[in-house]
Every structure is written in structure tokens, then in C-alpha cells.
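The values are calculated or read from the model by the stated rules, or taken from the named source; none is laboratory data. None of the values given here were measured: they were computed from a predicted structure. Positions of Cβ are generated from backbone atoms using ideal geometry, with glycine treated the same way; all protein chains shown enter the neighbour counts.
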Amino acid sequence: MNNVSLELRNKIFKRNNYACQKCGFSDPNGKNLEIHYIDSKVLGGTKEERNAITLCSICHKHAPDNKLGLNQFVSEKIDGEILNTFRKSDYSISKKTKLGMIKSFKKGLHITKAPRGYKLVNKKLIVNESSAKNVKDIFEEFLNTNTSLTQIAKKHNLTTSGLKKLLMNTTYLGKVKFSNEESQGEHISIIDENLFKSVQEKLGQKTKL
């Protein structure tokens, strides 16, 4: 659950008719709905009503953390009934597992698969020097050349969507994320904040074209 006041939470749910804005899943009690920030804090987003929408727990888990990516994600509608099987499975996750994930998050530990540029050692993200250089090269190439996303993706053995995901991954800033909340991780950042922000700006410009 996001760190948002109950009053604001209910206000956003009411504005969105207590329904997920992607799949349409409705929950009048709001128990199985989540507040998703359109722009994450690292990209300058604020915890205000205008920067938040309602998503179900499944869609929230897979939604991008920036406005451009989220708009595209939400526009690609899916029938909420199709997700019910996954929804039931998601609800069955034990409280013990969730508490363990939250505990790791609060310690600044990465709790999912290590992204390109890192490797997991004893549950900690460690920089993989060779692939970390590749990540830096990808960021620099995208920012400083006119090479298309498709060409860069092909060159580095990625899909176009995989490349976009890599370029928007705040793990490279030394951050960890759980349930749409971010905090400073224990791992070393690969990309500096100025480069990351410049890449987000160029990504935004390309999406508008």
C-alpha cells in the first residue's frame, strides 16, 4: 500500500469510480485497489491527486512509473475477467512472504531478478562490471546519437519494449522499489541522476513524435 492519507486515497478511488483504469476491475470497498503515481518521485512526481490513478493490484504491479509509459499502458485495455485467475493467485500469497519482501525493501535490498548490469550475491545487488559498462553505453548511445530505439535494441540484443524498460529503470540510480514505493538501496548506482533525467526527457520527446 502506498504511503498516502486515507482521505486522499478515498478521493482518488471515488474519482475513478472505485475501478482499475486499465482492466476495469471494480471494488466498491477499495480493498483490492491501489494508488499508482503517474510520475514517480525520482522523476519529480508528487503525492497529489493529479499525479495518481486507481489500478487493481495486478495492473499496479506491472505498470510503468512515468507518465508517457503509463498512458500507453492504460490505453491498452484488457478485460478484468481475464485477470481473475491471476488475481486469486495473487491474493493467496502468504502474509509471511509479503512481510519478508517488505522487510528486505526497508533494508534497501533488491527483491526481484537482477537487471542487466548487476548480479545477485547473497540477496544483494553487486555491479557486474562488463554488463554495467554495456548499460552505460546504451544510455549514452540513446542520449547522444540519433540512432532509433529499434536499432539500439537490436544492437544490444533487446526488444524495443525491453530497451525502454531498461532506460526507465531506477535501479540504475541506486534505488529499490516495492509496491510502487521507492527508497535508497544498498547497491551502487550505475547511472548518474543527470544522465538518467536527460534520457527520460529524450524518451518523452520521441514518444510525442
- [ ] Would you point out which residue out of ILE12, ILE53, ILE58, ILE35 is of a type in the set (Val, Ile, Thr), in contact with a His (Cβ under 6 Å, 6 or more places away or on another chain) and not assigned by TED's automatic domain parsing to the domain that holds LYS165?
- [x] ILE53
TODO: Using the structure shown, decide if LYS133 is surrounded by fewer than 16 Cβ atoms within 10 Å (Cβ to Cβ), touching a Leu at 6+ places or on another chain (Cβ under 9 Å) and either of a type in the set (D, E, K, R) or in the same structural domain as VAL199 (by TED's automatic domain parsing) (or both).
DONE: no
TODO: With the condition kept exactly as written, say whether any residue in segment 146-159 is aliphatic (A, V, I, L, M), touching a Leu at 6+ places or on another chain (Cβ under 6 Å), modelled with pLDDT under 95 and outside any helix (DSSP H, G or I).
DONE: no
- [ ] Restricting attention to helices (runs of 4 or more DSSP H) lying wholly within segment 48-135, give those where 1 or more residues are modelled with pLDDT of 85 or more.
- [x] 57-62, 67-75
Open item on the list: Looking at (1) surrounded by fewer than 21 Cβ atoms within 10 Å (Cβ to Cβ); (2) in contact (Cβ under 8 Å) with a residue 40 or more places away in the chain, which one does HIS62 not meet, given that it meets all the others?
Closed with: (2)
- [ ] Tell me, yes or no, whether segment 32-45 has at least one residue that is surrounded by fewer than 17 Cβ atoms within 10 Å (Cβ to Cβ) and modelled with pLDDT of 85 or more.
- [x] yes
